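Just below is one structure, and these are the notes that go with it.
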Amino acid sequence: MSQASWSRVAPLGVFAALALAAGCAKKEAAPVAQAGPNHVIVTAADYAFQAPDSITAGLEMFHLVNKGPSIHHLVIIQMDSGKTLGDLVTALKNPGPPPAWAHFLGGPNAVPPTGVDTSVAYLTLAAGNYAMICMVPDSAGVPHVMHGMARALTVTPSAATPAAAPEPDVTIHLKDYDFVITGNLTAGTHNIRVVNDGPQPHEMVIAALAPRKKAMDVVKWVDAGMKGMPPGKPMGGASPMEPSASETITVTFAKGNYGLMCFLPDAKDGKEHAAHGMVKDITVD
Ligand SMILES: [Cu+2]
């Protein structure tokens with residue numbers, strides 16, 4: 001698969017070089033390919049995001065850094081035209097599923113409050129109005145978005161063809177209720193394509209597990225308000241995304257035991273998807 005896509009990319013590069021050499025700027029130019037991702041650095045703290053107000057459409061490489069003191073993540077939500085960040089925050093105060101005009105697209109999932117660890121996600125965004133929110137709960141179970149951890153993001157149009165996300169060597173399908181992994185999660189850095197096969201929204205939190213701890217211990221610790229010694233350390237993953245959404249994340253694994261978890265509430269009974277079995281222990285070696 002990686003060979004096929006390289007062979008598609010290479011001729012474009014040659015063509016672009018030839019076009020430049022020929023100085024064909026006067027003719028109607030073919031759409032130019034975006035050179036690479038737009039780097040979007042987002043810094044989380046209790047309870048606000050520091051981020052640009054506006055970015056250009058195309059492949060966005062979100063880098064999430066967390067200055068704490070709490071654990072935070074970044075959820076990217078596309079809002080249908082006419083809807084504002086205020087509308088979104090108001091709608092999220094109501095129990096039940098989010099409004100149909102708010103499209104949860106993913107983003108970089110939870111990162112510990114070290115100010116150094118980074119969670120990375122590539123998303124291809126079209127021009128429009130977006131929101132960045134944190135849905136991680138505080139010790140009373142109230143999501144951080146309700147403490148003001150919400151920020152508007154404008155994506156401006158671009159004539160360039162979006163750059164391609166890095167070729168994944170691992171794909172993880174989110175299902176009701178499972179994580180299905182294809183490819184080998186070995187020690188080292190991986191580009192992981194995360195695809196929500198639905199029918200419900202899902203997320204994937206990755207945690208490096210403490211000795212003798214299981215993914216379910218992390219779920220229980222989060223549900224109990226994240227008090228005391230954490231049974232695992234968050235190391236990114238994919239933030240909540242609607243069915244059919246996908247993104248690519250870059251994660252570096254050391255040898256060891258990891259947990260994959262989905263904390264989203266179930267459409268039928270409101271319980272976390274982890275309680276429905278969307279929790280997986282994996283060993284990387
Ligand atoms: Cu889920």
* To do: Could you grab me the full set of residues in the stretch 48-84 that are within 17 Å of Glu203 (Cβ to Cβ), part of a strand (DSSP E or B) and open to solvent by 10 Å² or more (accessible area, probe 1.4 Å)?
  => Gln78
* Looking only at the stretch 223-266, count how many residues are more than 28 Å from Pro211 (Cβ to Cβ), in a loop (DSSP other than H, G, I, E, B) and near the ligand (Cβ under 10 Å from one of its atoms). => 2
* Assuming Pro201 fulfils every condition listed in (1) farther than 26 Å from Lys268 by Cα; (2) open to solvent by 20 Å² or more (accessible area, probe 1.4 Å) apart from one, which condition is it? -> (1)
* To do: Identify the residue in the stretch 164-189 that is among the hydroxyl-bearing types (Ser, Thr, Tyr) and part of a strand (DSSP E or B) and, among all such residues, is surrounded by the most Cβ atoms within 10 Å (Cβ to Cβ).
  => Thr171
* Working only within the stretch 96-125, note down all residues that are open to solvent by 60 Å² or more (accessible area, probe 1.4 Å) and aliphatic (A, V, I, L, M). => Ala100, Val116
* **Subset tally (residues that are more than 16 Å from the ligand (Cβ to nearest atom), on the phi < 0 side of the Ramachandran plot and of a type outside the set (Asp, Glu)) for the stretch 201-222** => 8
* In the stretch 267-285, which residues are open to solvent by less than 20 Å² (accessible area, probe 1.4 Å) and within 12 Å of the ligand (Cβ to nearest atom)? -> His273, Ala274, Met278
* Scan of the stretch 139-197 for residues that are away from the ligand (no atom under 16 Å from the Cβ), under 21 Å from Asp285 (Cα atoms) and in contact with a Leu (Cβ under 9 Å, 6 or more places away or on another chain), ordered by number -> Val170, Ile192
* For the stretch 169-179, state whether one or more residues are within 15 Å of the chain's Cα centre (by Cα) and hydroxyl-bearing (Ser, Thr, Tyr). => yes
* Structure fact -> For Asn129, the lone unmet condition from (1) part of a helix (DSSP H, G or I); (2) among the polar types (S, T, N, Q); (3) over 26 Å from Ala267 (Cα atoms) is (1)
* Test set (1) open to solvent by less than 30 Å² (accessible area, probe 1.4 Å); (2) within 30 Å of Ala100 (Cβ to Cβ); (3) in a strand (DSSP E or B) - Arg193 fails condition number -> (1)
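The values are calculated or read from the model by the stated rules, or taken from the named source; none is laboratory data. Just so it is clear, the structure is predicted and the values come from calculations on it, not from any experiment. Cβ: placed from backbone, ideal geometry, glycine included. Neighbour counts: every protein chain shown. Quick note on the areas: whole protein, heavy atoms, side chains included, nothing else; ligands and nucleic acids left out. Shrake-Rupley method; radii C 1.70, N 1.55, O 1.52, S 1.80 Å.
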